[in-house]
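What follows is a set of notes on a single structure, which appears directly below.
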Amino acid sequence: MTEKKEKRLLLFDIDSTLINSGGAGLAALKLASQKRLGGDENLEGIEIAGRTDSGIVRQILAKHGIEPTNENVWAFLDVYVELLELQLPKCHGHVLPGVKNLLGWIESQPHLTLGLLTGNIARGAQLKLEHYQLWKHFPFGAFADDHHDRNELGAVACRRALEHSEWEFSPSSVDIIGDTEHDIACGRAIGARTVAVATGSRSREKLAQSKPDFIFDNFAETDNVITTLGWR
């Protein structure tokens, strides 16, 4: 008799977790700031890593003394997306170690459901992942379109997982995977397991301060990651 495997929902961040865009997102933000607001593209004092696109734009607008209304935020983001599409081919980014193998293996496992939980708006997420041939792996996700506060996105992703798979995942059967303390906090907000990867601007030591359930230097040793997380 075959042992029934536990169904799990795996929700991945994008930037510095799946890919390094070579600075395309930051370049597009700076150019959008210059185009919309004038000035010298200075984003000093704006926290970007682990924040949502809509949250970042709110910071930029506030810095310029502009009310962060939905209209103002989305007018900026429309320009950002246009510029992001132009910047991606110019920047020398790459898929991070082990990611392609890991996603391919996950897709082959019927007990695992794969989705996104990202600070990107949906259009930006699609542009980035299509550029690196990864978009096909993700049938649904939660994005900055859904809320500017990343901690609100876990519940959104779980609802979309239910719609997609017709399976209601308990918090303990959800893994949230990312490269900053904000991803860890987001997972903790819904009671999910948290998986940190030190492929971004946060070192392993820095990530450890937020006490994720698991930390990896990267996903290069795919088999070890799968075994450690009990995904088999």
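The values are calculated or read from the model by the stated rules, or taken from the named source; none is laboratory data. Predicted model, so just to flag it, every value in this text is computed and none were measured. As a convention, Cβ positions derive from the backbone with ideal geometry for all residues, glycine included, and neighbour counts pool all protein chains shown.
Listing for the model above:
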{"item": "Hits in the range 115-125 (condition: surrounded by fewer than 21 Cβ atoms within 10 Å (Cβ to Cβ) and in contact with a helix residue (DSSP H, G or I) (Cβ under 6 Å, 6 or more places away or on another chain))", "result": "ARG123"}
{"item": "Subset of the range 46-67 that is over 19 Å from the mean Cα position of the chain (by Cα) and among the hydrophobic types (A, V, I, L, M, F, W, C) - its residue that is surrounded by the fewest Cβ atoms within 10 Å (Cβ to Cβ)", "result": "ALA62"}
{"item": "Residue count, the range 218-232 (criterion: over 18 Å from the mean Cα position of the chain (by Cα), assigned to a loop (DSSP other than H, G, I, E, B) and either under 19 Å from LEU18 (Cα atoms) or not small (Gly, Ala, Ser) (or both))", "result": "5"}
{"item": "Condition met for LEU37 (more than 18 Å from HIS147 (Cβ to Cβ), in contact (Cβ under 8 Å) with a residue 24 or more places away in the chain and not assigned by TED's automatic domain parsing to the domain that holds ILE121)", "result": "yes"}
{"item": "Any hit, the range 58-69, residues being within 21 Å of LEU129 (Cβ to Cβ) and either in the same structural domain as GLU221 (by TED's automatic domain parsing) or of a type outside the set (Gly, Ala, Ser) (or both)", "result": "no"}
{"item": "Out of LEU77, LEU83, sole residue that is outside the structural domain of ASP217 (by TED's automatic domain parsing), at pLDDT 95 or above and under 30 Å from THR113 (Cα atoms)", "result": "LEU77"}
{"item": "Every residue from the range 4-48 that is among the hydroxyl-bearing types (Ser, Thr, Tyr) and under 30 Å from PRO171 (Cβ atoms)", "result": "SER16, THR17"}
{"item": "Helices (runs of 4 or more DSSP H) wholly inside the range 13-99 containing at least 2 residues that are in contact with a helix residue (DSSP H, G or I) (Cβ under 8 Å, 6 or more places away or on another chain) and closer than 19 Å to ASP179 by Cβ", "result": "24-37, 53-63"}
{"item": "Lone qualifier among GLY104, GLY115, GLY178, GLY98 - being at positive phi and outside the structural domain of LEU61 (by TED's automatic domain parsing)", "result": "GLY98"}
{"item": "Residues that are surrounded by 20 or more Cβ atoms within 10 Å (Cβ to Cβ) and under 17 Å from CYS158 (Cα atoms), drawn from the range 92-113", "result": "THR113"}
{"item": "Subset of the range 116-131 [touching a strand residue (DSSP E or B) at 6+ places or on another chain (Cβ under 9 Å) and closer than 20 Å to GLY50 by Cα]", "result": "LEU116, LEU117, THR118, GLY119, ASN120, ALA122, ALA125, LYS128, LEU129"}
